[in-house]
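Read the structure below first, then the notes.
The values are calculated or read from the model by the stated rules, or taken from the named source; none is laboratory data. No experiment lies behind these values; they were computed from the predicted model shown. Note that we place each Cβ from the backbone using ideal geometry, even for glycine, and neighbour counts take in every protein chain shown. Just so you know, the surface numbers come from the protein's heavy atoms only, side chains and all, with ligands and any DNA or RNA stripped out. Shrake-Rupley method; radii C 1.70, N 1.55, O 1.52, S 1.80 Å.
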Amino acid sequence: IDSTRNEIIKLIDNSSVIEMAIDSISTIWLFDRNKGLCRFDGVNVEKITIKNDLPQYDQAVDRINSKKTNLRGLWVDENQDIWVGCYQGIAVVNNKNKLVRWYDDIKGLKNSGGIMTFYKGSSETLWIGCGNGLFYKHNDSIIKVEETYDNAIYSIREDKAGNIWCASDNGIVNICIKENSIKDVVWLNEQSGLSSSLFFTLEINGKDQILAGSGVGVDKFSSHLSANNHIQNLKHYDAIDGFNGVECNSNCSLNLLNGTI
């Protein structure tokens, strides 16, 4: 959307874009369903071939380069390295397209369902949503939040208190953080008052309300739960309220600076 002219501008032709991230020089990195990992400079889309000097990862990198893998999860870190999530693990690639790090089950990323999403909030912790639970990076290791079990984590956000919220295939999970440590993990689903137990995307607005998108619409509720961990101040949005799309896609929402979601 070109905000100066308030109109939609088509920048890329003949691409099926499934994920995007932007670096400090406004280069857009994306996954194209047909091409794999690509870079868009505002004019041209360039297919990226990862260069590898780490022989032990040749097979995994070859699969990414040949698109014989499911690319999900894309993030640019403070060093402008690109984190590429796939079924086999995480490839970290520098701006010269060279593999600089690789994370898999040896580093603690025991995921059978692939990478779904990355999220880094106000702390230095990098959270990783996978097909079998929530993980986080500590030093150079990956640690699983065991209380997320084997549930797919599609979307991750942080509230004002520093707690982590996730949309999953078994409801909403609230990771309570105190003094930079996990103190409690609370699962919320239909029994807690939600309209569904399968959520794909999640945002937190300026009033510290959770907006969680599912297959039956959007639930909005307070991030402050009741004493017995039930939902408070729930409002559900669906086609009756004007939300004609009803079914949300994985990690498909964005919280703008002006408060619009």
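Miscellaneous remarks
- Pairs linking a residue in segment 203-222 that is open to solvent by 10 Å² or more (accessible area, probe 1.4 Å) to a residue that is of a type in the set (Asp, Glu), with Cβ atoms under 6 Å and 6 or more positions apart or on different chains, are Ile204/Asp159; Asp208/Asp159; Leu211/Glu203; Gly215/Glu247.
- Condition check for Ile240: out of contact with any strand residue (DSSP E or B) (no Cβ under 8 Å at 6 or more places or on another chain), aliphatic (A, V, I, L, M) and not in a loop (DSSP other than H, G, I, E, B): yes
- Complete set of residues in segment 144-164 that are under 20 Å from Gly85 (Cα atoms) and assigned to a strand (DSSP E or B): Lys144, Ile153, Tyr154, Ser155, Ile156, Arg157
- Failed item in (1) among the polar types (S, T, N, Q); (2) within 22 Å of Tyr119 (Cα to Cα); (3) surrounded by fewer than 17 Cβ atoms within 10 Å (Cβ to Cβ), with Asn233 passing the rest: (2)
- Residue check for Val145: touching a residue at least 24 places away in the same chain (Cβ under 8 Å) and either more than 30 Å from Thr49 (Cα to Cα) or among the β-branched types (Val, Ile, Thr) (or both): yes
- When residues of segment 14-33 are limited to those that are assigned to a loop (DSSP other than H, G, I, E, B) and open to solvent by 100 Å² or more (accessible area, probe 1.4 Å), the one farthest from Arg63 (Cα to Cα): Ile25
- Flag: Asp58 does not match the condition of being within 20 Å of the chain's Cα centre (by Cα), over 17 Å from Asn251 (Cα atoms) and either surrounded by fewer than 20 Cβ atoms within 10 Å (Cβ to Cβ) or of a type in the set (Gly, Ala, Ser) (or both).
- Scanning segment 170-185 for residues that are among the polar types (S, T, N, Q), surrounded by 11 or more Cβ atoms within 10 Å (Cβ to Cβ) and assigned to a strand (DSSP E or B) returns a single hit, Asn174.
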